[in-house]
Amino acid sequence: MSLFEWFTDPANWTGENGIPVRTWEQIQISLWAMAIALVVALPVALTLGHLRKGMFLATNIGNVGRAVPTLGVLTILASIPEIGIGNLAAILALALFAIPPVLTNTYTGLAGVDDEVRDAARGMGMGGLSILSRVEVPLAVPLIAAGIRTATVQVVATASLAALVGSGGLGRYVVDGFALQDNTLILAGAILTAALAIIAELFLSGVQRWVTPKGLREQTRAEMELQEIPAG
Amino acid sequence: MLDLLADASNPWLSWKYVQNNWEELVAAGQEHIYLTVSSVVLAILVSIPLAILVRRVPVLTGPILGLSGILYTIPSLALISLLWPIFGLSPWTVIIALAVYALLVVLRNIVVGLQQVPGDVLDAANGMGLTDRQILARVSLPLALPTILAGIRIATVSTVGMVTIGALVGYGGFGTLILSGFQNNFWHAQILTATLCCVLLAVVFELLLLIVERVAAPWTRKQAA
């Protein structure tokens, strides 16, 4: 079967193993992983960034994340009996890898807020919490958004690996294709996972531009671009 | 967790595993190093002409970095699968896929490093009568060196982790052991040992390349700390 035939075969667009279901599975896994990562990383990064403590942790956690192989963490989690193979192992592993970019960028964003601006806010009678929510966070939004975008794209891309440990998602086609020695299935899966990741990247860069205040748009681009971490 | 570590029938850490499978671990390590170094070297070789092109024709900076940015978002699983019909079950499938990812980091750091050289410095060099080529070799490159070397280091450490995905086509270094350990009835000792070896290898590469950075650009020592 040629690639064109595969993509136009109605059977591949319906049912449990159809493209819509597999795509939705991959999006669901990614959203859960990001939800966990944000719940863990944001409070820690906001607290540390506001207090300007834990610089070493915040800036080096990314290096640790880079050194640990995603495949290793996925298989380790999936072979713990309490977690087991399937979507849960994938969600937890992906969440672990999404934490460093969110944490580092949020911390860097907050720590980069000018001391004079913070002093001015304090002079106006603002307390710690309102300085954080009304001064620091708005100024740090470009970097925070960049961190969340980087992490999300990485998670959506890496979610395809989850099929190696028995979870759903578009990676299933690739893994099943290799198991069945079916080249069409392998290529179809590769094209779909790549397309989903690229769409996520384009969509989220749009969102990022949209949430970034106009005055801050140019200034942060150069800083952000050096920080990205490759997708698994 | 302690319970799990001590699980007698299928321990996570086992010295016996390491002893019994020493040769296999060494072979996996050699393959891992070979795949990592080949990918990064290939990426550096390709990035040099591209960087020169971008320097000559600055308009191309956006499109080239943009295109490699899009390539960067393609999952390694997908890229390896796309290359597999062309290169088959050979190490090149893995090396070329990983070189694509390393290329972006290396190229971007070369371009950004050269752009960050202050205009005043270039003016001064120009005023001293240096030619364009001399400015590049004696002023711009040395000043950009820390950024370029940092790019190579980051690319190398990321590549160490991604080599494991090559297990899909049978060339994944420690990744092949991780995957076969998993498929072999969740063989904990093999999965954890191979993962730890992979982390260790990444740390060794990181330290080696940090030393290279310090030796090649000693003036950055204070900034880096």
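The values are calculated or read from the model by the stated rules, or taken from the named source; none is laboratory data. This is a predicted model, so every value here is computed, not measured. Because the Cβ atoms are built from the backbone with ideal geometry, glycine has one as well, and the counts that use them run over all protein chains shown.
Here are a few things to note about the model shown:
- Boolean, B:Leu25 is modelled with pLDDT under 90 and either more than 14 Å from B:Met162 (Cβ to Cβ) or of a type outside the set (Val, Ile, Thr) (or both): no
- Every residue from region A:172-208 that is under 22 Å from A:Thr8 (Cβ atoms) and either polar (S, T, N, Q) or in contact (Cβ under 8 Å) with a residue 60 or more places away in the chain (or both): A:Arg172, A:Tyr173, A:Asn183, A:Thr184, A:Leu185, A:Leu187, A:Ala188, A:Ile191, A:Leu192, A:Thr193, A:Leu196
- For region A:77-90, filtered to residues that are surrounded by fewer than 23 Cβ atoms within 10 Å (Cβ to Cβ) and at pLDDT 90 or above, the residue that is farthest from B:Ile154 (Cα to Cα) is A:Leu88.
- Residues (in contact (Cβ under 8 Å) with a residue 40 or more places away in the chain and either surrounded by fewer than 23 Cβ atoms within 10 Å (Cβ to Cβ) or more than 12 Å from the chain's Cα centre (by Cα) (or both)) located in region B:102-114: B:Leu107, B:Arg108, B:Asn109, B:Ile110, B:Val111, B:Leu114
- Condition check for B:Val121: part of a loop (DSSP other than H, G, I, E, B), more than 13 Å from every other protein chain (Cβ to nearest Cβ) and either within 25 Å of B:Pro218 (Cα to Cα) or at pLDDT 90 or above (or both): no
- Answer from B:Ser81, B:Ser140 - the residue that is of a type in the set (S, T, N, Q) and farther than 27 Å from A:Val165 by Cβ: B:Ser140
- Residues in region A:72-90 that are at the interface with chain B (Cβ under 8 Å from one of its Cβ atoms), under 22 Å from B:Gly166 (Cβ atoms) and part of a loop (DSSP other than H, G, I, E, B): A:Ser79 only.
- Counting only helices (runs of 4 or more DSSP H) that sit wholly inside region A:91-190, those with at least 1 residues that are in contact with a Ser or Thr (Cβ under 9 Å, 6 or more places away or on another chain) and surrounded by 18 or more Cβ atoms within 10 Å (Cβ to Cβ) are A:115-123, A:137-158, A:171-180.
- Screening B:Leu82, B:Leu89, B:Leu60 for residues that are part of a helix (DSSP H, G or I), closer than 19 Å to A:Ala190 by Cβ and aliphatic (A, V, I, L, M) leaves exactly one candidate, B:Leu82.
- Exactly one residue among A:Gly128, A:Gly168 is over 22 Å from A:Ile36 (Cα atoms), of a type outside the set (Phe, Trp, Tyr) and away from every other protein chain (no Cβ under 14 Å), and that residue is A:Gly128.
- Looking across region A:32-51, the residues that are more than 27 Å from A:Leu88 (Cβ to Cβ) and either modelled with pLDDT of 90 or more or touching a helix residue (DSSP H, G or I) at 6+ places or on another chain (Cβ under 6 Å) (or both) come down to A:Leu46, A:Thr47, A:Leu48, A:Gly49, A:His50.
- None of B:Gly151, B:Gly173 is surrounded by 23 or more Cβ atoms within 10 Å (Cβ to Cβ), closer than 30 Å to B:Val121 by Cα, at pLDDT 90 or above and small (Gly, Ala, Ser) except B:Gly151.
- Filtering region A:54-66 for residues that are farther than 27 Å from B:Gln190 by Cα, out of contact with any Lys or Arg (no Cβ under 9 Å at 6 or more places or on another chain) and surrounded by 18 or more Cβ atoms within 10 Å (Cβ to Cβ) leaves a non-empty set.
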